[in-house]
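Trainee: Just passing along the structure, written as structure tokens.
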Amino acid sequence: MQIENFKIFADLVETKSFSKAAKINGITQSAVSQQARAMERHFKNLLIDRSQKQFQLTREGQRVYESAKDILHSYDKLISELQEMKKVISGTIRISTIYSIGLHELPPYIKRFLHDYPSVNVRVEYRRSNLVYEDILHNSVDFGLVAFPLKQRQIEAIPFRNDRLVLIAHPKHPLAKSPEVDIADLSGHKFIGFDPDIPTRKAVDQIFRDHKLDIEPVMEFDNIETVKRAVEIDHGIAIVPQATVQQEVQQGSLVQLTLKGREFTRPLAILHRKGRVLTPAMKKFIDTLGLELPSAAE
């Protein structure tokens, strides 16, 4: 029985999916199934209850899973300690991020990190917010980056920064004449929004409710780039993170307007699985972001 057997089995249990476990480990779905049966032969017990429609462990399978997690944690801790003893900063860091952070907030940090630690490979996946949490829970990535982080028992969220929300409009839009706009003045204008399940959209909807505005988007998109393109062709106005429109404002294709009253922001956070052993490279990445790990994650 090798360490890879325990990892594949643990991934299978946590994802409850043979296909997802296969993707995480870079093998076929058939290979995951064969590994599970090999473990059952090795321990001389059924570990997966195949009489159920949904994935479910037997009592013995649950016990093997719990021990597998202990073994994997000890193994990861050993590897991390050996790397620290040799002062080795290498390996691969896998990041799952929403589009706006990955395209506009993260690049300068990654550039600096790769300059300082050229032996580390950084892989970035662009995902919807709910899938970033799923990636963290399934251990398919090391870190996640999201806006408006949600509290989850198995996930540690480290505050990253607060990004200001601003109004954007076409340069010839009537609202573009003034650098500041009262929120009430948005009424009656076509509005471009994110999809309803995206956290920034939920925050914008709350702003409208707080100011008793009944504004329904004429268009909805799942990423910041498409929202900006719709505003650039004057299909409507939008409320977006300031960091995502700096280039367009400089080029003159968009106008950025401040919303009067209190400042509206969206909090950003970096996520990792609680109890996860962080390699020296992962710790250095956190350092590069200018953040500190909670003591339990050290």
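Laboratory data are not the source of any read-out in this text; all were calculated from the coordinates shown. Everything numeric in this text was worked out from a predicted model, so none of it was measured. Virtual Cβ from ideal backbone geometry, glycine too; neighbours counted across all protein chains shown.
Trainee: For the chain, what is the relative contact order in percent, using Cα pairs closer than 8 Å and at least 6 residues apart in sequence? Before the final figure, lay out each step's value.
Mentor: Values: 467 pairs, mean separation 63.5, N = 298.
Normalised by residue count, the contact order of the chain is 21 percent.
Trainee: Using the Kirkwood formula on the Cα atoms of the chain, what hydrodynamic radius do you get, in angstrom to one decimal?
Mentor: Working: mean 1/r = 0.0460 Å⁻¹.
21.8 Å is the Kirkwood radius here.
Trainee: Given springs between every Cα pair under 10 Å in a Gaussian network model of the chain, which of P280, P241, P108 has the largest fluctuation?
Mentor: Greatest mean-square fluctuation among the candidates belongs to P108.
Trainee: A further question on this structure: What is the distance in Å between the Cα centroid of region 118-140 and that of region 220-298?
Mentor: Answer, in whole Å: 16.
Trainee: Follow-up. To one decimal place, what orientation-averaged projected area in nm² is obtained for the convex hull of the Cα set of region 101-205? Please list the in-between numbers first.
Mentor: Values: hull surface 37.4 nm².
Directional mean of the projected Cα hull area for region 101-205 stands at 9.3 nm².
Trainee: Rounded to the nearest angstrom and ordered from largest down, what semi-axes does the equivalent ellipsoid of region 127-189 get from its C-alpha gyration tensor (root of 5λ)?
Mentor: Working: eigenvalues 279, 29, 23 Å².
Whole-Å semi-axes of the equivalent ellipsoid: 37, 12, 11.
Trainee: Principal axes first, then extents: for the Cα atoms of region 162-265, list largest minus smallest coordinate on each axis, whole Å, largest first.
Mentor: Dimensions of region 162-265 along the principal axes of its Cα atoms: 33, 28, 27 Å.
Trainee: If Rh is defined by the Kirkwood formula over all Cα pairs and Rg also comes from Cα, what ratio Rg/Rh do you get for region 3-85? Present the calculation step by step, with values, prior to reporting the outcome.
Mentor: On the way: Rg = 13.5 Å, Rh = 13.3 Å.
Ratio value, two decimals: 1.01.
Trainee: Using DSSP to call loops (not H, G, I, E or B), can you name the trypsin sites (Lys or Arg not before Pro) in region 107-202 whose Cβ has at most 11 other Cβ atoms within 10 angstrom? Spell out each step's value before the answer.
Mentor: Details: sites: K111, R112, R123, R127, R128, K151, R153, R161, R164, K172, K177, K190, R201, K202; in loops: R127, R128, K151, R153, K172, K190.
The qualifying sites are K151, R153, K172.
Trainee: When DSSP beta bridges are limited to those with both residues in the chain, what percentage is antiparallel, rounded to the nearest 5?
Mentor: On the way: 22 of 38 bridges.
Taking every DSSP beta bridge within the chain, about 60 percent pair in antiparallel fashion.
Trainee: Can you pull the semi-axes for region 161-205, root of five times each eigenvalue of the Cα gyration tensor, sorted largest first, whole Å?
Mentor: With the √(5λ) rule applied to region 161-205, the semi-axes are 21, 14, 10 Å.
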